[in-house]
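One structure below.
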Amino acid sequence: MRIALLLALACAVAACLVPATRASAAPENRCGWVVNPAPGNWWLTDRDGDWILATQGSDREALGMENIGDISAGDYRAVNGNYGYACGCMEVETEKKDGMQFITAVYSFRQLKLAQCERDKSLPKME
């Protein structure tokens, strides 16, 4: 009885020492319009709709936003001063919540020519 109690206690202590890890979805590749229309606002529009990356004034910002870099350095269209959109592919983790789609982590980003997204019939036309 005493050995069983000690064993149970040891297992409980060991469980406390193991750091909690978040179960995460497998990264997926998503390609489409990468939109940055104003400071702190980012989303990706692909064949499945809009995926929010960051929203100004909220605590919602995907981990790894620095992996996107300066999209204006590549093939890019400005629509609001220094803000605008590009075409690209991202390796990301996503989450759907309350009828909305979010990108929660960005692992990599590859900017493409605007013409590639313009030719893609599964994407909406940008104005």
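Could you please report the charge total around P27, scoring K, R as +1 and D, E as -1 over all other residues with beta-carbon less than 9 angstrom from its beta-carbon?
Overall, the nearby charge balance is -3.
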Assuming R0 = 25 Å, can you tell me the calculated FRET efficiency for the pair K97 and N67, based on Cβ-Cβ distance, to the nearest 0.05?
-> 0.65
Quick calc: nm separation of the 7 Å Cα→Cβ label points for E118 and S58 -> 3.2
Using Cα pairs under 8 angstrom and six or more residues apart, how large is the relative contact order of the range 23-119, in percent?
-> 31
Just subtract the alpha-carbon distance of R77 and A26 from 0.36 nm times their residue separation and send over the number in nm, one decimal.
-> 15.2 nm
Those lysines that a straight Cα-Cα span of less than 19 Å connects to K113, excepting residues fewer than 8 apart in one chain | K121, K125
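Taken together, the values in this text are just the output of simple stated rules run on the coordinates, not laboratory data. From a predicted model like this one, the values you see are computed outputs, not experimental measurements. Every residue, glycine as well, gets a Cβ built from its backbone with ideal geometry; the counts of neighbours run over all protein chains shown.
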